[in-house]
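Peer 1: A single structure is presented below for examination.
The values are calculated or read from the model by the stated rules, or taken from the named source; none is laboratory data. Values in this document were obtained by computation on a predicted structure and should not be read as measured data. We place every Cβ from the backbone using ideal geometry, glycine too, and count neighbours over all the protein chains shown.
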Amino acid sequence: MRSALGSPRVLLRRLREVMAEQVSAQERLDKIVVLIAANMVAEVCSTYVLRVDNTLELYATEGLNPEAVHNTVLRLDEGLVGLVASEATPLNLSDAHSHPAFSFRPETGEEIYNSFLGVPILRAGNTLGVLVVQNRAHRTYVEEEVEALQTTAMVLAEMIASGELSALAGPGAEPAARHALHKVGAVLSDGIALGHVVLHEPRVVITNYIAEDLPAEIKRLDAALAQLRADLDRMLERGDVAEGGEHREVLEAYRMFANDHGWSHRLREAVATGLTAEAAVERVQSDTRARMLRSTDPYLRERLHDLEDLGHRLMRQLVGKDHAPAREQLPDNAILVARSMGPAALLDYDRKRLRGLVLEEGTANSHVAIVARALGIAAVGEIPNAAGLADQGDAMIVDGTSGSVYIRPSAEIEAAYAERVRFRARRQAQYLALRHRPSVTRDGRKTELMINAGLVVDLPHIEDTGSAGIGLFRTELQFMVGQSLPRAGDQLALYRAVLDAAGGKPVTFRTLDIGGDKALPYMEAPAEENPALGWRAIRLGLDRPGLLRSQIRALLRAGGGRALRVMFPMISDVAEFDQAKALVERELTYLRRHGHPLPERIDIGSMIEVPALLYQLDELFERVDFVSVGSNDLFQFLFAVDRGNSRVAERFDTLSAPILRALRDIVRKADQHGKHASLCGEMASQPLGALALIGLGYRSLSLSPTAHGPVKAMLLDLDAGKAEALMARLLDAPCGSVAIREELKAFAATEGLAI
C-alpha cells in the first residue's frame with residue numbers, strides 16, 4: 001500500500017466513532033469527508049447523494065467551496081460524478097479535465113484539481129450516491145486506495161439508507177433511498193393489496209461492518225467458504241437436487257462459482273480493507289449486482305441470480321442462520337417479494353395473511369401466477385431488482401389491475417388506494433348479488449360457469465360464487481404443499497371433503513399434473529433441456545403406475561355412492577388415454593373384489609392441451625365421456641412460446657385466429673359426437689376471453705373464483721347469437737386481415753358489456 005494512504009482499518013474505526021456521536025446529520029457528514037481526505041492525503045473529498053428527482057446533490061465536501069454544498073446539483077448524464085452514478089462503477093483518472101464527460105461547475109472551485117477518483121455508494125445493487133476524492137497532482141490512485149474508498153462508501157450507504165439525511169433535503173429533493181418508489185410491471189393476478197413487505201429471501205442484517213481482528217475474519221470467511229463448498233458437493237453426490245427448487249445444473253453452477261478463485265479473492269480483498277466477513281460478502285454482492293443489472297446480456301443476468309443465491313448461502317453460513325427463509329408468523333397483510341418463485345414455494349406461506357406478490361420475473365401464464373389467482377392474491381411480475389428496492393417491513397401497494405407497485409407510498413397514494421379497495425369491495429358485493437341468478441345469456445343460452453380449485457381453502461368459493469361446480473380440481477397442489485408424498489388416507493380425505501363441499505354439484509378431478517415448474521420437493525426431478533415438453537403429467541403417471549393407481553383408488557373410494565368425474569392431463573395420443581383408462585378399470589375391479597362401494601357413475605375425460613390431439617379428435621371422442629381444454633398449454637405449444645419466459649410470453653395474442661380456430665374445431669367435434677366440452681384455462685377468466693368462447697359455442701367454462709363475478713355480469717348482458725355471428729365472421733376472414741381483440745372490444749362497447 002502506498003505510504004500516502006493511511007490504514008483503511010484506522011479510517012473505519014474512526015468512522016465508527018463518528019457514526020456513534022450524538023451530532024446532526026450534516027455535522028456527521030462533514031466529519032466523515034474530513035476523515036477520508038486526511039486518511040487518503042486527498043485535497044478534496046465530496047459526497048453526492050442521489051435524490052428522488054434522479055439528480056445528484058452535493059451534500060458535504062472538504063476542499064471545495066463550502067457554499068456549493070446543497071447548491072450544486074448534477075444530472076445523471078452530467079459530469080464525471082454522473083458517469084460514476086449511472087455506470088455504478090469506480091472512475092479513476094489522472095487528468096480529469098481531459099475526460100469527455102468532464103463538466104465544469106464554477107461554484108465548486110474544483111478547476112485546480114486534476115486527479116479524480118469516484119466510487120458509487122451502493123446498497124443491494126442500487127446507487128444511492130457518489131463518493132469522490134481529488135488532488136491537484138496528476139496521479140492515478142492505486143488499487144488499495146480504490147478499495148479503501150469503496151469500503152468507506154459502503155458505510156455511507158447504510159447512513160443514507162437509514163433516512164438520516166432526509167432532514168437536510170428540501171421538498172421534492174429528498175434522498176432517493178428510503179423514499180417512495182413507483183414501478184410498473186406485468187399483471188399476474190387481478191386485485192389490489194395494501195400491506196408490508198416480506199422478502200422471500202430475507203437479507204441478512206449486518207450488525208457489525210468493521211473488523212476488530214482481521215486474521216480472525218479471514219479465518220471465518222475461509223471456514224464458511226469451505227463449508228459452503230462441502231455442502232454443495234454433498235448435495236450433488238447424494239442426488240439431492242430438489243432443495244430450494246434447484247435442479248442439478250443449477251447446483252453445478254453454484255459449485256463452479258463457489259470454487260472460483262476470483263470470487264474468493266475479491267471477498268478476501270474486501271476483508272483486508274477492514275470489513276467483517278459478512279460485510280465483505282455484502283459489498284462484493286452489491287458491486288456485482290450493480291454491474292450486472294446494467295447488462296443487457298440475458299446470460300449474464302442469469303449468472304447474477306446464481307451468484308446472489310450463492311452469496312445468500314455464504315452469508316447465512318457466516319451468521320449461523322438456516323438457508324430456508326422463515327415462513328411462519330407472517331404479519332397481517334403480508335406482501336411477498338421475490339426474484340422468482342414456483343407454485344410450491346408460494347403455497348408454503350400462510351394464505352390467510354398473504355395479500356400480494358411481487359416478482360422480478362414471472363409471466364401471466366406461469367404456474368405461480370395461476371396459483372396466485374386461485375388464492376385471490378394480487379400479483380405483479382417483471383419488476384427489476386424488486387428484492388433490492390424494498391426492505392423487510394416496508395409499506396407496499398400492489399395494483400394487480402394495472403401492474404403498478406408502490407414502495408413506501410405517500411399518505412395520499414395510500415388513501416387513494418384504500419378508497420379503491422372499498423370500491424372494489426362494493427363491486428364484489430354487487431357480483432355477490434348475482435350468484436343465485438341463472439347463468440343464462442340475454443337471448444336465453446344457458447352457460448355453465450364453474451370454478452378452478454385445488455385446495456381445501458378453495459371450497460367455500462363454490463357457495464360464494466354460486467358456481468355450477470368445480471370444473472377443474474388440481475390434485476397436484478396437495479402433493480406440492482407437503483414435505484412428503486401424501487398418504488392414500490390423506491388423499492381420500494381431501495377428495496371426500498371436496499365432494500362433500502360441492503353438495504352434489506359436479507367436480508372434475510384432474511389426475512397429477514406434476515413436472516416442469518411444478519416440481520415436488522421430495523421427488524428427484526431429472527435434468528431436462530425443456531421440462532415443459534418433458535417427463536410430466538400423464539407421462540410420469542404412466543411410467544410410475546403405482547403413484548397414479550394410488551390416486552385413482554383414492555378418487556374411486558371418495559366417489560363411492562355418487563357421481564365421479566376424472567380426467568387425465570397432457571394426453572398427446574389416444575393410446576395414452578386407453579392406458580390410463582385401463583388403470584381405472586383395474587382399480588374398479590380391485591374395489592369390487594374387496595367390497596368397497598363404487599361410484600354410481602364414472603365419467604372419464606381428457607384434457608386437450610397438446611396440439612397432436614387436434615388431429616385425433618374423432619378417435620378421442622369415441623373413447624372419452626367429456627373433454628376439457630387447457631388453453632394455457634395449448635396456446636404455449638401451438639405457438640412454441642414458453643409461457644414462463646417474459647421475452648416471448650406476450651409475443652402472440654391468445655385471441656388470435658390460429659388458437660380460436662383450434663378451439664372452434666374442438667367444440668364442433670364435441671357437438672358432432674354428443675360429448676361435453678368445457679374450457680378451464682385462464683382465457684375463460686377474462687370477460688373478453690369468455691365472450692369469444694361463448695361466441696365459439698362453448699357452454700361450459702371453468703375459471704378462477706375471483707373472475708366469476710365479472711364474467712357472469714358480462715354473460716347476463718350478452719346476446720350469444722350476436723357473439724356467434726361475430727366470431728364466425730372474424731374467423732372466416734384471412735389471418736391478419738382483422739384485429740380480433742379490437743373487434744371484440746368494439747362489439748362489447750356497442751353492446752354495453754363490461755369487460
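Peer 1: Does residue 203 satisfy being modelled with pLDDT under 85 and basic (Lys, Arg)?
Peer 2: On the way: modelled with pLDDT under 85: yes; basic (Lys, Arg): yes.
The answer is yes for residue 203.
Peer 1: So, in the stretch 12-24, of the ones that are buried (at least 17 other Cβ atoms within 10 Å of the Cβ) and either in contact with a strand residue (DSSP E or B) (Cβ under 9 Å, 6 or more places away or on another chain) or outside the structural domain of residue 163 (by TED's automatic domain parsing) (or both), which residue ends up modelled with the highest pLDDT?
Peer 2: Going through the stretch 12-24, the residues buried (at least 17 other Cβ atoms within 10 Å of the Cβ) turn out to be 12, 14-15, 18-19.
Applying the additional criterion that residues be either in contact with a strand residue (DSSP E or B) (Cβ under 9 Å, 6 or more places away or on another chain) or outside the structural domain of residue 163 (by TED's automatic domain parsing) (or both) yields 12, 15.
Numbers: 12: 76, 15: 82.
Going through the qualifying residues, I end up with 15.
Peer 1: While we're here: Can you report the number of residues in the stretch 114-156 which are assigned to a helix (DSSP H, G or I) and of a type outside the set (Val, Ile, Thr)? Give the steps one after another, and end with the answer.
Peer 2: The initial filter retains those residues of the stretch 114-156 that are assigned to a helix (DSSP H, G or I), namely 143-156.
From what's left, of a type outside the set (Val, Ile, Thr): 143-145, 147-150, 153-154, 156.
Residues meeting the conditions: 10.
Peer 1: Name the residue that is surrounded by the most Cβ atoms within 10 Å (Cβ to Cβ), counting only residues in the stretch 468-513 that are of a type in the set (Ser, Thr, Tyr) and modelled with pLDDT under 95.
Peer 2: Step one: filter the stretch 468-513 for residues of a type in the set (Ser, Thr, Tyr), giving 475, 484, 495, 508, 511.
Filter once more, so that each one left must be modelled with pLDDT under 95: 475, 484.
On the way: 475: 24, 484: 10.
Only one residue tops the list, namely 475.
Peer 1: Of the numbered conditions (1) buried (at least 20 other Cβ atoms within 10 Å of the Cβ); (2) of a type in the set (A, V, I, L, M, F, W, C); (3) under 35 Å from the mean Cα position of the chain (by Cα), residue 52 fails exactly one; give the number of that condition.
Peer 2: Against the list (1) buried (at least 20 other Cβ atoms within 10 Å of the Cβ); (2) of a type in the set (A, V, I, L, M, F, W, C); (3) under 35 Å from the mean Cα position of the chain (by Cα), residue 52 comes up short only on (1).
Peer 1: Can you tell me which residue among 441, 475 is in the same structural domain as residue 677 (by TED's automatic domain parsing) and under 26 Å from residue 343 (Cα atoms)? Don't jump to the end; show me each part of the working.
Peer 2: Working: 441 fails: under 26 Å from residue 343 (Cα atoms).
After applying the criteria, what remains is 475.
Peer 1: Identify all residues within the stretch 166-221 that are surrounded by fewer than 15 Cβ atoms within 10 Å (Cβ to Cβ), touching a residue at least 24 places away in the same chain (Cβ under 8 Å) and closer than 14 Å to residue 279 by Cα; write none if there are none.
Peer 2: Of everything in the stretch 166-221, just one residue is surrounded by fewer than 15 Cβ atoms within 10 Å (Cβ to Cβ), touching a residue at least 24 places away in the same chain (Cβ under 8 Å) and closer than 14 Å to residue 279 by Cα, namely 208.
Peer 1: Kindly indicate the residue of the stretch 42-67 that is assigned to a strand (DSSP E or B) and among the acidic types (Asp, Glu) and also nearest to residue 81 (Cα to Cα) among those meeting that condition. Steps first, answer last, please.
Peer 2: Quick first cut of the stretch 42-67, residues assigned to a strand (DSSP E or B) only: 44-51, 55-62.
From what is left, the residues that are among the acidic types (Asp, Glu) are 57, 62.
Working: 57: 10, 62: 16 Å.
Filtering first and then ranking leaves 57.
Peer 1: So, one more: Which of the residues that make up the stretch 549-582 are part of a helix (DSSP H, G or I) and farther than 18 Å from residue 496 by Cα?
Peer 2: Looking only at the stretch 549-582, we keep the residues that are part of a helix (DSSP H, G or I), and these are 549-558, 574-582.
Hits for the stretch 549-582 are 574, 575, 576, 577, 578, 579, 580, 581, 582.
Peer 1: Give the residue that is farthest from residue 401 (Cα to Cα), with candidates limited to residues of the stretch 664-707 that are out of contact with any Ser or Thr (no Cβ under 8 Å at 6 or more places or on another chain) and in a loop (DSSP other than H, G, I, E, B).
Peer 2: My answer is 674.
Peer 1: Please specify each residue of the stretch 395-426 satisfying the condition of being without any contact (Cβ under 8 Å) to a residue 60 or more places away in the chain and not small (Gly, Ala, Ser).
Peer 2: Filtering the stretch 395-426 for residues without any contact (Cβ under 8 Å) to a residue 60 or more places away in the chain gives 411-412, 415-416, 419, 422-423, 425-426.
Matches in the stretch 395-426: 412, 419, 422, 423, 426.
Peer 1: If you don't mind, there's one more thing I want to ask. Is there a residue being among the polar types (S, T, N, Q), buried (at least 16 other Cβ atoms within 10 Å of the Cβ) and in contact (Cβ under 8 Å) with a residue 40 or more places away in the chain anywhere in the stretch 590-612? Explain how you work it out, then say what you get.
Peer 2: At the first step, the residues of the stretch 590-612 found to be among the polar types (S, T, N, Q) are 606.
Within this subset, residues satisfying the condition of being buried (at least 16 other Cβ atoms within 10 Å of the Cβ) are 606.
Cutting the leftovers down to in contact (Cβ under 8 Å) with a residue 40 or more places away in the chain gives us none.
For the stretch 590-612, residues among the polar types (S, T, N, Q), buried (at least 16 other Cβ atoms within 10 Å of the Cβ) and in contact (Cβ under 8 Å) with a residue 40 or more places away in the chain: absent.
Peer 1: Give the residue that is surrounded by the fewest Cβ atoms within 10 Å (Cβ to Cβ), with candidates limited to residues of the stretch 523-573 that are at positive phi and of a type in the set (A, V, I, L, M). Don't jump to the end; show me each part of the working.
Peer 2: The initial filter retains those residues of the stretch 523-573 that are at positive phi, namely 537, 561, 570.
Applying the additional criterion that residues be of a type in the set (A, V, I, L, M) yields 537, 570.
Details: 537: 27, 570: 25.
Only one residue tops the list, namely 570.
Peer 1: Could you check how many residues of the stretch 514-548 are under 28 Å from residue 458 (Cα atoms), at pLDDT 75 or above and part of a loop (DSSP other than H, G, I, E, B)?
Peer 2: Number of matching residues: 2.
Peer 1: Hey, which of the strands (runs of 3 or more DSSP E) in the stretch 339-454, taking only ones fully inside, have at least 3 residues that are under 23 Å from residue 685 (Cβ atoms) and of a type in the set (A, V, I, L, M)? Full working, then the answer.
Peer 2: Numbers: elements: 354-359, 378-381, 395-399, 404-407, 448-453.
Once the strands (runs of 3 or more DSSP E) in the stretch 339-454 are filtered for at least 3 residues that are under 23 Å from residue 685 (Cβ atoms) and of a type in the set (A, V, I, L, M), what remains is 354-359, 378-381, 448-453.
Peer 1: If you scan the stretch 129-165, which residues turn out to be farther than 24 Å from residue 42 by Cβ, free of Cβ contacts under 8 Å to residues at least 24 places away in the same chain and of a type outside the set (Ser, Thr, Tyr)?
Peer 2: Selection gives 163 alone.
Peer 1: So, residue 35, is that one part of a helix (DSSP H, G or I), under 40 Å from the mean Cα position of the chain (by Cα) and either among the polar types (S, T, N, Q) or at pLDDT below 95 (or both) or not?
Peer 2: Working: part of a helix (DSSP H, G or I): yes; under 40 Å from the mean Cα position of the chain (by Cα): no; either among the polar types (S, T, N, Q) or at pLDDT below 95 (or both): yes.
Judged against the criteria, residue 35 is not a match.
Peer 1: Of the numbered conditions (1) on the phi < 0 side of the Ramachandran plot; (2) out of contact with any helix residue (DSSP H, G or I) (no Cβ under 8 Å at 6 or more places or on another chain); (3) part of a loop (DSSP other than H, G, I, E, B), residue 585 fails exactly one; give the number of that condition.
Peer 2: The number of the failed condition is (3).
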